[in-house]
Amino acid sequence: MKIINALRSGLLRSAKSWKAALIITLALFFIISFFTIPFRGVLKSSLGSSVVTGQLAKGINFDILSDLSEVLKNYIRGLSSGLFLIIIAGMLFFTFFSGGLFSHLKEGQGRFSVSGFFRTSAAYFWPFLGITLIVSVILGFVISILIGVVAGISLAGETVSFQASGILRVALILFLAIVLSVFFLVADYSRAHISSVTGTSVFKSVGYGFKMTFGNFVSSVSMMFILMMIQVLFMWFMTKLIFVWKPTAGLAVFLMLITTQVLFFIRIFLRSWRYASVISMMESLGKDNYTDQAETGKYIYTFENNPLAE
Amino acid sequence: MKRTLSGILFIFLIYTQICSQIINKEPLSPRITGYNIEATLDPSEKTVTGNMEAFWVNTSTGSVPDVQLHMYMNAFRSDKSTFSRESRHTHWMGNSYDGYIDITSCTDRQGNELLSRLQYISPDDGNPDDSTVLRIDLPEPAMPGDTVFLKIKFVTGLPSEIIRTGYSGDFFFVAQWFPKFGVYEPAGMRYRKESGWNCHQFHANSEFYSNHSVYDVRITVPFNYVVGSGGMLIEEPESGTDENTKTLYYRAEDIVDFAWTAWPGYKAFNDQWNHVSITLLIPEERTAQVERQFKAVKNALEFFTENVGPFPWPHLTFADPPLKGAGAGGMEYTTLFTSGSSDIIPEWFHLPESVTVHEFGHAYFMGIMATNEFEEPWMDEGMNSFFEARIMDHYWGENSGYINHPHLKLADKTISRLTYVRSGYRQVASNDLFSWNYPQRTYGMMSYNKAATWLYTLMGIVGEETTNDIFREYYRLWGFRHPSSGDFINVVNEVVARDHGNKFGNNMNWFFDQTLYGTGVCDYKVAEISNRKYEDSDSLYSSTVGLQRTGEVMLPLEISVRFSDGDEITEAWDGKGRYMELTYTGYRKVERVIIDPEYRIRMDVNFVNNSMTVKPDTVPLRSFTNKLLVLIQLFISIFTL
């Protein structure tokens, strides 16, 4: 019941914040267009008037792509650095906007204000970036250990029975899903905490994230698992559509652009649902915790009385 | 007297071996050499102790004062062997050089001890520290028609790092393990002006060259070991010297090498294709791969039988080594070969099939047409890669032989082409070098990929049916012999003339001069399309198409020209000039030109410039960049918490 309530409340809150999801979608669209539009120009000029584009339209043709890379080799170094920078910039923007999103998804927020969204995004950027980096490093470390375990099991393939190695593989996938759920929860609880309590440090928030995650392990992880499954299924559908759809006319290309951007908007909306559900769960579980903090002179801020948002 | 009697008995036994037929009704080869070996594997010492009787027949017209034998396993004896020195660049080598082969006794038919007449030689590089070729000075020269008999006792220490051969724990792959005769080439054979031994050292980048032989091999191993070999199991396992061992008797006829593998973890599966009984040895974890592996080998058997010639042996064994023995994977010993896979491989990824088809194919291009892989590696690896790609395309989908995923397709022939055309060293050597003489680590690219690519190009020029005719004739003329490049070219010339007259000139030497013996690249491009309206007419055009040869290689081409009224014509160009112009006058414009529209000239290093249109289609580009945009968006959203 606790999980359903959190998911329902999260869905309502994220629906109220749909404009935030739209802003993130548009921001990423424009940032990445700085790469894709010049890239299209380079491709166009390199291909000249060749008809091999027709081959590419049918699907990935390695002969053509490789020959194209030969034509493009002078550009590729610059393009790959450009792509790297765009991805880093996109990730920073995403982190930036998540500050505004977390702040607006809290209980008791009023109408969505674009200026307020940007203000809180800016206010929480550094602590959110810190949380993202800390959790990402720990997650990377844990995943590399998991990869080591998988490699070890593969190498021991001759000594482990086929059935046993199959069971181990399934167990590893489940374990990976739980690990991801746990670290997403840690990150989300930490950010929800930092956007709710003033004067707290990044490390304290991360500690709070771990405490909340493991203190309410079953309900939190189950909820995150459901949200992750929904997101994975949606992304599977989305990528499938991207690869299958082969438009043959200019209008169809435009339609594809609109459709894929709408789908990406839904993808961001689902992410915002995750954040909102975690905040709802935190609010329903962590009242005592807040009270403790309030008694020690710290306050729970709503958007209206959050001094950072002034 | 006793010595003479034992010598006579020995000769009798050997002649019995030469004349006896167990597997096929008639000998398939001249049987210039033969081996009778008793081998015992010691799993704790990692050694094979052998007792070998062997013969070699002098088929030349002159006397021969010595015999030469390969002692391949000595390549692993030290870091100074030619193999080790060359391997530093291409193989990861451990610190332990623990492989070796020692001869403990060597006698002739009269029982004369020959140990004092043994001498290691290094005919290729003069390396005094290499001991992979052994010369035995005969007490008396072998006269024409004489048979030289040797009785050799040897101990082979298997290397701990498996590079084709060796051991890993309780897994053993025993190849290049016994003293083996080189090939004595009489004057006139291949490129020989004077008769002599062709017995090369063991190199990092080379494989083998041997006579077709008869092998009778008795292998003693611990009782729990599963054994596979290139021979046919003649006698069911019997107990060895004690209850813990067993001895298996294998017979192989007319094959060029005998290897075997032993491991308690193998599970054996059997299947049948026409007259061929197929055995697969595979780790139990991979039983899910069995059906795929059998399908692959049966497809290869069918394709080769139809397009080259029949598979002459009734038995075939292949092994899929465990991960710890992966160094033994992907090798060929005619009626025994090794595949390569892993426990889980998706159905759309045809790596195991590709390896199996390739390694099986060596039974033809190394086993039946026993080419000299030391000197002309393309004749084995190149031809075989060409057939591998054709088989994969034929049975697993055109252009999707290697990967056949709904969103990703990749053909073996594409891998070959790209490896060649994208190599920065594609012009540093011609395709006819000795295997260890290829510079800049180009052995693989040249022997496998460039050769396969120009063989595809040859097929594009003369047609698929003529190509099959060529290989059928090659099999008919050169099966169980030792063909050279020149012999193959003669076959091509003969068959192409028979099928096409002088359509391609007096012979096809012009093709091989550029591809096999040349270093040039092939690149044709459409330089321009021009449609000029006549001043005194509203709709009469003078259209010009400019075609350019930017590479050195000159090949005949087809040009597809499409006009504004939808009409499409095909023009022919001999491809010799640097530039050619096609002109058209009419009430229509030239809309699109494609050189080699069917991609038959796979040697062309750039397909992008092979075409031009006056109405470029921007839809694919826009679609591609839109998809790229949303994929980057997704990537960022996934990797940001």
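Computed from the coordinates by the stated procedures, all read-outs in this text should not be read as laboratory data. Bear in mind the structure is a predicted one, so any value in this text is a computation, not a measurement. Please note: Cβ atoms are built from the backbone with ideal geometry, for glycine as well, and neighbour counts cover all protein chains shown.
So how do A:1, B:369 line up by other beta-carbon neighbours within 10 Å, fewest first?
A:1, B:369
What is the mean number of Cβ atoms from other protein chains located within 10 Å of the Cβ atom of each residue in peptide A:258-268, rounded to a whole number?
Per-residue shielding by partner chains comes out at 3.
For the range B:72-203, what does the relative contact order come out to in percent, with C-alpha contacts under 8 Å and a separation of six or more?
Values: 230 pairs, mean separation 36.3, N = 132.
With pairs under 8 Å counted, the relative contact order is 27 percent.
Check residue B:232: other-chain or 5+ apart residues with amide H under 5 Å from its amide H, H built from backbone geometry?
Correct list: B:251, B:252.
Of A:218, A:61, A:99, whose Cα points farthest to the positive end of the dipole of chain A (charges on the beta-carbon: +1 Lys, Arg; -1 Asp, Glu; origin at the Cα centre)?
Of the options given, the answer is A:61.
Taking the number of other C-beta atoms within 10 Å as the exposure measure, put A:32, A:147, B:121 in order starting with the fewest. Walk me through the numbers on the way to the answer.
Numbers: A:32 23, A:147 12, B:121 18.
Result, fewest neighbours first: A:147, B:121, A:32.
Please name whichever of B:561, B:606, B:545 sits farthest to the positive end of the charge dipole of the range B:522-610, dipole taken about the Cα centre and charges placed at Cβ: Lys and Arg +1, Asp and Glu -1.
My answer, from the dipole projection, is B:606.
In terms of Cα to Cα distance under 17 Å, which lysines are near enough to residue B:615, apart from those fewer than 8 places away along the same chain?
Straight-line reach from residue B:615, under 17 Å: A:44, B:589.
Quick one: of the DSSP bridges fully inside the range B:288-410, what percent are antiparallel, nearest 5? If you can, show how the numbers build up before the last one.
Values: 5 of 8 bridges.
The antiparallel fraction comes to roughly 60 percent.
In whole Å, how far is the Cα centre of the range B:211-240 from that of the range B:451-526?
The distance from the Cα centre of the range B:211-240 to that of the range B:451-526 comes to 41 Å.
What is the protein assembly as shown by shape, rounded, prolate or oblate, if you read a ≥ b ≥ c off the alpha carbon gyration tensor as root eigenvalues and call it rounded for a/c under 1.5, prolate for a/b larger than b/c, and oblate otherwise?
It is oblate, given that a/c is not under 1.5 and a/b is not larger than b/c.
Counting every Cα pair in the range B:212-301, what percent are over 21 Å apart?
Everything past 21 Å amounts to 39 percent.
Could you work out the mean count of beta carbons from other protein chains within 10 Å of each residue's beta carbon in A:64-71? Each step should come with its number before you reach the end.
Numbers: counts 4, 2, 8, 11, 3, 3, 5, 3.
Rounded to a whole number, the mean comes out at 5.
Relative contact order for chain A: what percent, with Cα pairs under 8 Å and sequence separation of 6 or more? Mind showing how you got there, number by number?
Working: 277 pairs, mean separation 97.3, N = 310.
31 percent.
Can you give the mean number of other chain Cβ atoms that lie within 10 Å of the Cβ atoms in peptide A:83-94?
Mean shielding by partner chains, rounded to a whole number: 3.
When only alpha-carbon atoms are used, what values of Rg and Dmax, in angstrom, describe chain A?
Answer for chain A, Rg first and Dmax second: 22.8, 73 Å.
Would you work out the charge dipole size for chain B about its Cα centre, treating the Cβ of every Lys and Arg as +1 and the Cβ of every Asp and Glu as -1, and quote it to the nearest 20 debye?
760 debye
Among all the lysines, which ones have a C-alpha under 30 Å from residue B:25's C-alpha, if same-chain residues fewer than 8 places away are not counted?
Counting by Cα, and skipping residues close in sequence, residue B:25 has these lysines nearby: B:151, B:180, B:246, B:295, B:298.
Using the charge dipole of the protein assembly as shown (Lys, Arg: +1 at Cβ; Asp, Glu: -1 at Cβ; taken about the Cα centre), state which of A:121, B:123, B:594 has its Cα farthest towards the positive end.
Going by the Cα projections, it comes out as A:121.
Could you give me the ³J(HN,Hα) list for the range B:133-140, computed from phi with Karplus coefficients 6.51, -1.76, 1.60 and θ = phi - 60°, whole Hz, x at Gly and Pro?
10, 10, 10, 10, 6, 6, x, 9
Cβ under 9 Å from residue B:292's Cβ, residue B:292 left aside: what net charge do those residues give with Lys, Arg +1 and Asp, Glu -1?
Numbers: positive: B:295; negative: B:291, B:347, B:353.
Taking every Cβ under 9 Å from that of residue B:292, the sum is -2.
Excluding same-chain residues fewer than 8 positions from residue A:19, which lysines have a Cα within less than 25 Å of its Cα?
A:106, B:627
Name the long-range amide H neighbours of residue B:370: under 5 Å, sequence gap of 5 or more, or other chain; modelled H, no Pro or chain starts.
Correct list: B:480, B:481.
Classify the range B:269-408: rounded, prolate or oblate, from the alpha-carbon gyration tensor (a ≥ b ≥ c, eigenvalue square roots; a/c under 1.5 rounded; otherwise prolate if a/b is larger than b/c)?
Taking the square roots of the gyration eigenvalues as a ≥ b ≥ c, the range B:269-408 is rounded.
Check residue A:72: other-chain or 5+ apart residues with amide H under 5 Å from its amide H, H built from backbone geometry?
HN-HN under 5 Å from residue A:72: empty list.
Compute, for the protein assembly as shown, the length of the dipole vector about the Cα centre, with Cβ point charges of +1 (Lys, Arg) and -1 (Asp, Glu) only. Units Debye, rounded to 20.
4460 debye
Where in chain A are the DSSP H helices whose C-alpha atoms run 20 Å or more along the long axis and whose mean Kyte hydropathy is at least -0.5?
Long hydrophobic helices here: A:2-16, A:18-47, A:73-105, A:125-155, A:162-194, A:217-244, A:250-285.
How many angstrom separate the Cα center of the range B:174-196 from the Cα center of the range A:223-237?
Each part's Cα centre sits 66 Å from the other's.
Hydropathy at least 0.5 by Kyte-Doolittle, axial extent at least 27 angstrom from the Cα trace: which helices of chain B, defined as entire DSSP H runs, fit? The partial results should precede the final answer.
Working: long enough: B:619-638 (28 Å, 1.36).
Those that pass (Cα extent of 27 Å or more, hydropathy at least 0.5) are B:619-638.
Once the convex hull of the alpha carbons of the range A:43-88 is built, what does its volume come to per residue, in cubic angstrom?
Numbers: hull volume 4.0 nm³, N = 46.
In the range A:43-88, the Cα convex hull volume per residue is 86 Å³.
Mind jotting down the three principal axis lengths of the range B:335-486 based on Cα atoms? Whole angstrom, largest first.
Result, largest extent first: 43, 37, 34 Å.
Holding the Cα-Cα limit at 23 Å, pick out from B:324/B:450; B:267/B:324; B:409/B:576; B:533/B:576 the pairs that are longer than that.
Flagged as over cut-off: B:324/B:450; B:409/B:576; B:533/B:576.
For a footprinting-style exposure proxy, rank A:219, B:543 by other Cβ within 10 Å, fewest first.
A:219, B:543
Where the convex hull is taken over the Cα atoms of chain B, what is its projected area averaged over directions, in nm²?
That works out to 34.9 nm², a quarter of the Cα hull's surface.
Would you kindly calculate the mean projected area, averaged across all directions, of the convex hull enclosing the Cα atoms of the range B:506-581, in square nanometres?
One quarter of the hull surface, i.e. the mean projection, equals 6.5 nm².
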